[in-house]
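A quick write-up on the structure given underneath.
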Amino acid sequence: MTASSNSLKVILLRHGQSELNHENIFCGWIDARLTEKGKVQARNAAKLIQKYCRENKVPLPQVGYTSRLLRTQQTMEVMLDEMGLKGSYEVVPGVEWDVEEGLDGDIVKVLQSWRLNERHYGSWQGQRKPQILKEYGKEQYMYIRRDYWGKPPAADLKREMVQETNDAGSLTGYEFKEPNRHQKYGLEEQNGVELPDSESLRDVVERMRPFLTNVVLEMAKQHNLDSCLLVGHGSSVRSILKILQEISDEEIKNVDIPNATPLVVELNKDTFKFVNRYYLDPETASIDAEKVRQEGFQNNP
Ligand SMILES: O=C(O)[C@H](O)COP(=O)(O)O
C-alpha cells in the first residue's frame, strides 16, 4: 500500500495472541501474558512495519503507546527489539502529558495508559466464551460483544478482582482474576481515577477520546511526527478507529480486530481529519478478524 505524503500514520495493532485468547476465555482487565505464538505474531508485525516504512520513506515511530496490561507491553517490547530500537516506558495516569518534552532519537518514548486498556468485560472476565454463549444465547452474546451500547454484567470487585498475595484458588469459580487494583493501578488511584467494573464500547470511546486528543495527537503535532505506534486491544482499537474515522454507532458493530496485524490510519497532519486506512497484510487480517467474530461459536481456536 502506498502511503500518501505529508500525513500522520497512526500505526495501530491489537496485541499478539494471549494465554486467554488461546483458551477462548474473556480477558478484559485480567493481566494475561502473550503465548509463544503471540510473540511470533509481534515479531512479524514489526517486520511488516519496517517494510512499510522503508518502502514509503516513513521514519520508524519515535513515540509508542500501550495500555497498562502486560500483553500490550510485551507486544511493544518484542516489536521494538525486532526493529533494533529501545523503548523508554512511562505510565500516564491522567490525560495530560508534557508534549514539549524532547524526544531522544535513539529511544522510542512509550506512554502507557489505562485508557488504552481493553474494555472491562465485567463478570464475563475469566469465563469461557462457549459457556457464556450457551448461557446468554447468540443475540445477547453478540449484542454485548459488538453493539456500541452492549454492556456485560458488572464484576463483583469485592470478590473476583482483589487478588490477595496468597491467592489460594478462586472464590468465584473463576480460574483467572484481575490483579489487585491497589497494586496495579496505584498511580491512577493516587490521581483520583475511577476505574470501571464493566464497560460498553461507548464507555471505552468516552475514556479513550481525551487521551487520543490531548496526548497522542498533541505529541504528533508538537513534534511534527510522521508516524506513531499504538498497541491496544480488540475493543480499544475499535474505539480508536471509531473516533479517528468517525465510524457510526451502527457500522462499528461490524468491525472485528485480529491479533497483531498492523493497521495504518492516515490522518491529515494539519487537521487530523481521516485520510485513509489499510492493513499491512489485508489477507491475514481479514481471515483472522472473521475468526475473532466466530469465537465462542466453535471450540478452542
Ligand atoms: O478481552 C477479551 O477477551 C478479548 O479481547 C475480547 O474479545 P471479543 O470482544 O472479541 O470477544
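Which condition number does Gln163 fail, the rest of (1) modelled with pLDDT under 95; (2) assigned to a loop (DSSP other than H, G, I, E, B); (3) closer than 16 Å to Phe26 by Cα being met? All conditions pass for Gln163, except number (3).
If you go through region 1-36 and keep only what is surrounded by fewer than 16 Cβ atoms within 10 Å (Cβ to Cβ) and modelled with pLDDT of 95 or more, you end up with just Glu36.
Given His223, His233, which one is within 16 Å of the ligand (Cβ to nearest atom) and within 20 Å of Val63 (Cα to Cα)? Please lay out each step first, then the result.
Values: His223 fails: within 16 Å of the ligand (Cβ to nearest atom).
Exactly one residue qualifies, and that residue is His233.
For every residue, the table says whether it meets (1) outside any loop (DSSP other than H, G, I, E, B); (2) near the ligand (Cβ under 10 Å from one of its atoms); (3) under 15 Å from the mean Cα position of the chain (by Cα); (4) not β-branched (Val, Ile, Thr).
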residue	(1), (2), (3), (4)
Ser4	no, no, no, yes
Leu8	yes, no, no, yes
Ile11	yes, no, yes, no
Asn21	yes, yes, yes, yes
Gly28	no, yes, yes, yes
Asp31	no, no, yes, yes
Lys37	yes, no, no, yes
Val40	yes, no, no, no
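When you scan region 276-295, do you find a residue that is more than 16 Å from the ligand (Cβ to nearest atom) and farther than 28 Å from Ser5 by Cα, even just one?
Going through region 276-295, the residues more than 16 Å from the ligand (Cβ to nearest atom) turn out to be 276-284.
Next, only the ones that are farther than 28 Å from Ser5 by Cα stay: none.
Within region 276-295 (the criterion being more than 16 Å from the ligand (Cβ to nearest atom) and farther than 28 Å from Ser5 by Cα), the answer is no, since none of the residues qualifies.
Remark: pairs (first residue in region 24-51, free of Cβ contacts under 8 Å to residues at least 40 places away in the same chain and under 18 Å from Glu295 (Cα atoms); second residue within 14 Å of the ligand (Cβ to nearest atom) and in a loop (DSSP other than H, G, I, E, B); Cβ separation under 6 Å; 6+ apart in sequence or on different chains) = Thr35/Gln17; Lys37/Gln17. Among the residues of region 246-273, those that are more than 16 Å from the ligand (Cβ to nearest atom), surrounded by 17 or more Cβ atoms within 10 Å (Cβ to Cβ) and outside any loop (DSSP other than H, G, I, E, B) comprise Val264, Val265, Glu266, Leu267. When region 112-142 is filtered for residues that are at pLDDT 95 or above, more than 12 Å from the ligand (Cβ to nearest atom) and closer than 30 Å to Pro93 by Cβ, the ones remaining, listed by number, are Gln112, Ser113, Trp114, Arg115, Leu116.
The values are calculated or read from the model by the stated rules, or taken from the named source; none is laboratory data. This is a predicted model, so every value here is computed, not measured. All Cβ positions, even for glycine, are placed from backbone atoms using ideal geometry, and neighbour counts span all protein chains on display.
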